[in-house]
Each structure stands twice: as C-alpha cells, then as structure tokens.
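Notes for the one structure printed next.
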Amino acid sequence: MNRKKACVAFIVLLTCALAGQALAQGQEIKFKSNADDLTKIRSVLEEFRQDIIHKDGYALTKLVLNPDVLFHHINNQEEVDSARKYNAQIDGIGPSQLDGFAKLLATSKDKLEEKFYNIEIRQDGDLGLVTFNYDFVINDKVHHSGLEVWQLCKIDGQWKILSVTWTIYIHS
C-alpha cells in the first residue's frame, strides 16, 4: 500500500514539474526583432571599430544620437571615494566622455584599435541592446579590457547609439 502511494506521489510530482517547465517555456520573452535590423546594429559596431582604427573621431560622433549621450566608463568604488573628497556629488559616472574620446582619436600618434568578443545583440522594435567583451589596443598591445554595453535606438530609419558604458581593467 505504501509503495502504491509513493508511486502515485512520484507521478504527481513528475507531472507538476513537467507542466511547470512547459508553462515556463511558453512564457519566454518575445522580441519584435528582425534579421535586417540585427545586421544594421552589427554594422554600427563595425563602423565604430573602423572609426577607431582610422582615428576618425568626427565619424564616430555621427554614430551617436546626440552629443549628450551617456559615454562613460564605470568608476570603481575606490575612484568614487577619492573623487568625493573634492565633490560630494560625484556619482561615479560624470559627464559624457564622447568629446574627449573623439579628440583622442583625432590627435593620437599611436596605433589604436578596439577588439570585440562575445558579442550579444538584442533588438525589440526600435530599441537595441549590445553587450560584448573588449580589448583596447594601443600600438599592438592590450592597454585595457572589460565589458561594454550599448543601447541603440532606430530613428529616421537608422540605428544610433543612445549610450555606451564600460568597465576598465588596465593591463600592465
């Protein structure tokens, strides 16, 4: 008798587990995405990469929605604490670094390149999200690396960068 109850209990548990798994799979997030937009987003990444190689800061700025987009690395807590000694309002982000980066490209005598790895692109309608690991290479040597996250939006039929944030791990 106990064996029969145990068998029934096992079957009930197994059925519940399978039903729960099937229900969870049916609730996957659906994105309004298409291959053409994903290709165009990937093209923005490649244009950005080429603009760095060609040191064309002006062309790079044309990839962003406007000059005020968030374009900044994420400061670690030690950097924030140090900066707060001079300004209590420091939030670890600060103003956009886009202009400074464009000027660096235009004036640097060094060979520059950014390499992207593990690229993941998600798109839902007019919103795109790109994450990837990167290496920033100066004169054929990795200077720093980290994780980079972009938000993009489609406006007037073109994908533009809304924000770029990244972590930095300096290489010795």
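The table below lists the values:
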| item | result |
| --- | --- |
| Selection from the stretch 98-156 of residues that are part of a helix (DSSP H, G or I) and either loosely packed, with under 14 Cβ neighbours inside 10 Å or of a type in the set (Phe, Trp, Tyr) (or both) | Asp99, Gly100, Phe101, Lys103, Ala106, Thr107 |
| Flag for Val164 being among the aliphatic types (A, V, I, L, M), open to solvent by less than 40 Å² (accessible area, probe 1.4 Å), modelled with pLDDT of 95 or more and in contact with a Phe, Trp or Tyr (Cβ under 9 Å, 6 or more places away or on another chain) | yes |
| Long-range neighbours under 6 Å by Cβ, at least six apart or interchain, first residue of a type in the set (Lys, Arg) within the stretch 144-158, second surrounded by 12 or more Cβ atoms within 10 Å (Cβ to Cβ) | Lys154/Asp126 |
| Residue count for the stretch 27-48, restricted to those that are more than 15 Å from Gln158 (Cβ to Cβ), in contact with a strand residue (DSSP E or B) (Cβ under 6 Å, 6 or more places away or on another chain) and of a type outside the set (Phe, Trp, Tyr) | 2 |
| Residue ID - nearest to Asp140 (Cα to Cα), chosen from residues in the stretch 73-120 that are β-branched (Val, Ile, Thr) and under 20 Å from the mean Cα position of the chain (by Cα) | Ile119 |
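The values are calculated or read from the model by the stated rules, or taken from the named source; none is laboratory data. Just so it is clear, the model here is predicted, and its values are computed rather than measured. So basically every Cβ, Gly included, is an ideal-geometry build from the backbone, and we count neighbours across all protein chains shown. Calculation scope for accessible area: heavy atoms of the full protein, side chains included, ligands and nucleic acids excluded. Shrake-Rupley method; radii C 1.70, N 1.55, O 1.52, S 1.80 Å.
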